[in-house]
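> Please find one structure pasted underneath; my questions will follow.
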Amino acid sequence: MQVIEQVSAIRAKVQELRCSGKTIGLVPTMGALHEGHLQLLRASAQQNDITICSIFVNPTQFNNPDDYKLYPRTQVQDVALLQAVACDYLFVPDVEEVYQQQTQLKFSFGALETVMEGAHRPGHFSGVATIVSKLFHYVQPHRAYFGQKDIQQVAIIRQLVDALSFDLELVCYPTVREASGLAMSSRNTRLSQEEREQAAHLYKALQLAKEQLLQGQPVVLVKAEVQRYLHEIKQVALEYFEVADAYTMQPVQDAHETQELALCLAANVGPVRLIDNMLMNLNERNTVTLGIAGTGVA
Ligand code: PAF
């Protein structure tokens, strides 16, 4: 695997690869790689001639300076993991080069930004859209890979790709979980053993919500039940739980308003903010895969 740090070098490499007819898969990450990322990298390696992983802890998407400072940075381990999945190139640019001048550009995604992560992390999605646009320009991938754990981010990037006519395919893969159900996340490395155990209750809360919705419980009662359940878990402070339309990400009051639902939550577990979600379909009584692993929309 070749490590490339400079924007001019990745641009030159990509031009050479494209000229020789190679297809390129991009897996954008902020590092501290885990099995969720590796799943995306393996998929990219299968579906493209060349796989490029980017690692860039993007300052413009952090609305909390401590979160940026404390975000795990584990490049030595990351390189070893990338080599093991036969990634071809690792792109690790410097903040100074990516943001040569402070960007004044602001993205606005309308209703998508007014709910859940958009509402709770002002400016976050504008920062995500800025860096993802830059990466798409630098790397010009044929396919770009994202995880369902950041389901609202996937919806934002889908809107970005459509609005700016990026010529690429978005591919989304399901959340990878630990045996306890805890969604894999780079931030999990900041949890103590006890917090990690407590954090597994986030998934249990989503399962509880799904069961109750399938039994026909009204959304308002399901929300109250999730709050009650998580309130009892030491060190877990729920920020929000929403039952949303899986495509528009807009919260629904009546689960029958839409076919496919995304149950989404954010919570602080000790000092670490975590998000998780679960897709479901009231009619099929099955978990839906929203364009995931090539099975539908993404
Ligand atoms: O999901 C992430 O890790 C980041 O938001 C992304 C897409 C790499 C942009 O910085």
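The values are calculated or read from the model by the stated rules, or taken from the named source; none is laboratory data. As the structure is a computational prediction, the values presented were derived from the model and not from experiment. Backbone-built Cβ (ideal geometry, glycine too); neighbour counts: all protein chains shown. Heavy atoms of the whole protein, side chains included, go into the accessibility calculation; ligands, DNA and RNA do not. Shrake-Rupley method; radii C 1.70, N 1.55, O 1.52, S 1.80 Å.
> Among the residues of segment 94-152, write down those that are among the polar types (S, T, N, Q) and in contact with a strand residue (DSSP E or B) (Cβ under 6 Å, 6 or more places away or on another chain). Talk me through it step by step, then tell me what you get.
Narrowing segment 94-152 to residues among the polar types (S, T, N, Q): 100-104, 108, 114, 126, 130, 133, 140, 148, 152.
If the condition is that a residue be among the polar types (S, T, N, Q) and in contact with a strand residue (DSSP E or B) (Cβ under 6 Å, 6 or more places away or on another chain), then Gln148 is the only one that fits.
> Right, next: Out of Ala237, Ala183, I need the residue that is under 22 Å from Gly118 (Cα atoms) and surrounded by 19 or more Cβ atoms within 10 Å (Cβ to Cβ). Which one?
Details: Ala237 fails: surrounded by 19 or more Cβ atoms within 10 Å (Cβ to Cβ).
One residue alone meets the criteria, Ala183.
> Right, Val132: β-branched (Val, Ile, Thr), closer than 28 Å to Thr23 by Cβ and surrounded by fewer than 21 Cβ atoms within 10 Å (Cβ to Cβ) or not? Spell out the reasoning first.
Working: β-branched (Val, Ile, Thr): yes; closer than 28 Å to Thr23 by Cβ: yes; surrounded by fewer than 21 Cβ atoms within 10 Å (Cβ to Cβ): no.
Against the criterion (β-branched (Val, Ile, Thr), closer than 28 Å to Thr23 by Cβ and surrounded by fewer than 21 Cβ atoms within 10 Å (Cβ to Cβ)), Val132 does not qualify.
> I've got another one for you. Mind listing just one residue for me: the one in segment 50-88 that is without any contact (Cβ under 8 Å) to a residue 40 or more places away in the chain and hydroxyl-bearing (Ser, Thr, Tyr) and, of those, surrounded by the fewest Cβ atoms within 10 Å (Cβ to Cβ)?
Tyr68
> Let me confirm something: among Gln153, Gln198, which residue is within 15 Å of the ligand (Cβ to nearest atom) and either open to solvent by 40 Å² or more (accessible area, probe 1.4 Å) or among the polar types (S, T, N, Q) (or both)? Walk me through it before giving the result.
Numbers: Gln198 fails: within 15 Å of the ligand (Cβ to nearest atom).
After ruling out the rest, the residue left standing is Gln153.
> Spot the failing condition for Val7; the list is (1) surrounded by fewer than 20 Cβ atoms within 10 Å (Cβ to Cβ); (2) in contact with a Leu (Cβ under 7 Å, 6 or more places away or on another chain), and only one is missed.
In the conditions (1) surrounded by fewer than 20 Cβ atoms within 10 Å (Cβ to Cβ); (2) in contact with a Leu (Cβ under 7 Å, 6 or more places away or on another chain), Val7 misses (2) alone.
> Something else now. Does segment 10-33 contain at least one residue that is more than 15 Å from the ligand (Cβ to nearest atom), within 22 Å of Asn188 (Cβ to Cβ), part of a helix (DSSP H, G or I) and among the β-branched types (Val, Ile, Thr)?
no
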